[in-house]
Amino acid sequence: MASYRVAVQGLGTTTRTHLAGFHTMRWIWIDKFLEFRSGQFAKAVKNLTLAEEHLHDHFPGYPVMPASLIIEGIAQAGGILVGEAAGFAEKVVLAKIPRAEFFGVACAGDQLIYEVTLTDLRHEGAVVDGKAFLDCELLANVEIVFAHLDNSRANQIFGPKNFVFTQQLLGVLDLARAQERAKRPGDAPPADGNGQPAGS
């Protein structure tokens with residue numbers, strides 16, 4: 001059993017400089033939401049492929065998804081669930097991980113399913129219970145605590161750019177909503193004379 005503890009503390013100049021780099025990160029550790037129930041639950045999928053460079057180094061000849069990146073994927077799914085519940089009015093940051101248990105490894109070619117449940121939502125933050133599944137078997141069980149930062153406080157620490165909910169990351173939720181709308185009768189784009197959506 002592995003345990004990870006992460007806390008936002010010592011917000012001096014050194015920490016601000018270190019954290020400022022996060023807004024340039026482009027890594028998205030979830031590919032698609034399979035289910036999203038506002039303020040309650042979300043399910044996301046992450047496909048592992050050798051197109052991801054980190055798998056070539058971890059480890060050569062045996063490409064294993066790092067446990068920390070599985071936690072990050074669960075945290076991204078959980079962070080969107082928490083942020084959406086409050087209308088993305090505040091920045092949501094990972095405050096700590098009280099519990100992280102792993103029961104195996106995931107390799108290139110595998111598909112991970114992340115399930116996150118919002119267990120506590122308050123003005124100051126939220127708690128999410130997260131799980132990762134591989135071939136319908138529990139791979140990881142994680143508890144994540146998020147903190148809410150109002151915009152003035154967040155700007156002091158991180159600057160004005162919202163590195164938490166980037167357009168790319170929120171695009172994963174937008175895609176899920178668009179696909180859900182497309183499934184509803186009458187919401188699909190009109191077809192042209194060939195039975196194809198107009199403009200295709």
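The values are calculated or read from the model by the stated rules, or taken from the named source; none is laboratory data. Since this is a predicted model, take the numbers as computed values, not measurements. Cβ sites come from the backbone with ideal geometry, for glycine too, and all protein chains shown count toward neighbours.
Table: residues versus (1) over 27 Å from L149 (Cβ atoms); (2) part of a helix (DSSP H, G or I); (3) without any contact (Cβ under 8 Å) to a residue 24 or more places away in the chain.
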site	(1), (2), (3)
K46	no, no, no
T49	yes, no, no
H56	yes, yes, yes
V93	no, no, no
R99	no, no, no
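Taking into account only those residues within the range 58-73 that are of a type outside the set (V, I, T) and not in a loop (DSSP other than H, G, I, E, B), which is surrounded by the most Cβ atoms within 10 Å (Cβ to Cβ)? I'd like the intermediate steps shown before the answer.
Kept after step one, since they are of a type outside the set (V, I, T), are these residues of the range 58-73: 58-63, 65-69, 72-73.
Narrowing the set further to residues that are not in a loop (DSSP other than H, G, I, E, B) leaves 67-69, 72-73.
Values: A67: 18, S68: 11, L69: 18, E72: 17, G73: 24.
Among them, the one singled out is G73.
One line per residue, one yes/no per condition, for (1) modelled with pLDDT under 95; (2) more than 15 Å from the chain's Cα centre (by Cα); (3) surrounded by fewer than 18 Cβ atoms within 10 Å (Cβ to Cβ):
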residue: A44; (1), (2), (3): no, no, no
residue: L50; (1), (2), (3): yes, yes, yes
residue: F103; (1), (2), (3): no, yes, yes
residue: E115; (1), (2), (3): no, no, no
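Would you check if there is a residue in the range 182-195 being out of contact with any Phe, Trp or Tyr (no Cβ under 8 Å at 6 or more places or on another chain), of a type in the set (A, V, I, L, M, F, W, C), surrounded by fewer than 13 Cβ atoms within 10 Å (Cβ to Cβ) and at pLDDT 60 or above?
Initially, the range 182-195 is screened for residues out of contact with any Phe, Trp or Tyr (no Cβ under 8 Å at 6 or more places or on another chain), giving 182-195.
Checking which are of a type in the set (A, V, I, L, M, F, W, C) leaves us with 182, 188, 191.
Going one step further and asking which of them are surrounded by fewer than 13 Cβ atoms within 10 Å (Cβ to Cβ), we end up with 182, 188, 191.
Okay, now just the ones that are also at pLDDT 60 or above, so 182.
Among the residues of the range 182-195, at least one is out of contact with any Phe, Trp or Tyr (no Cβ under 8 Å at 6 or more places or on another chain), of a type in the set (A, V, I, L, M, F, W, C), surrounded by fewer than 13 Cβ atoms within 10 Å (Cβ to Cβ) and at pLDDT 60 or above, which makes the answer yes.
Can you tell me which residues in the range 82-134 are of a type in the set (A, V, I, L, M) and under 22 Å from M65 (Cβ atoms)?
Let us first name the residues in the range 82-134 that are of a type in the set (A, V, I, L, M), namely 82, 85-86, 89, 92-95, 97, 100, 105-106, 108, 112-113, 116, 118, 121, 126-128, 132, 134.
L94, I97, A100, V105, A106, A108, L112, I113, V116, V128, A132, L134, listed by residue number.
Is it true that Q76 is polar (S, T, N, Q), surrounded by 19 or more Cβ atoms within 10 Å (Cβ to Cβ) and part of a helix (DSSP H, G or I)? Don't jump to the end; show me each part of the working.
Details: polar (S, T, N, Q): yes; surrounded by 19 or more Cβ atoms within 10 Å (Cβ to Cβ): yes; part of a helix (DSSP H, G or I): yes.
Spelling it out, Q76 is indeed polar (S, T, N, Q), surrounded by 19 or more Cβ atoms within 10 Å (Cβ to Cβ) and part of a helix (DSSP H, G or I).
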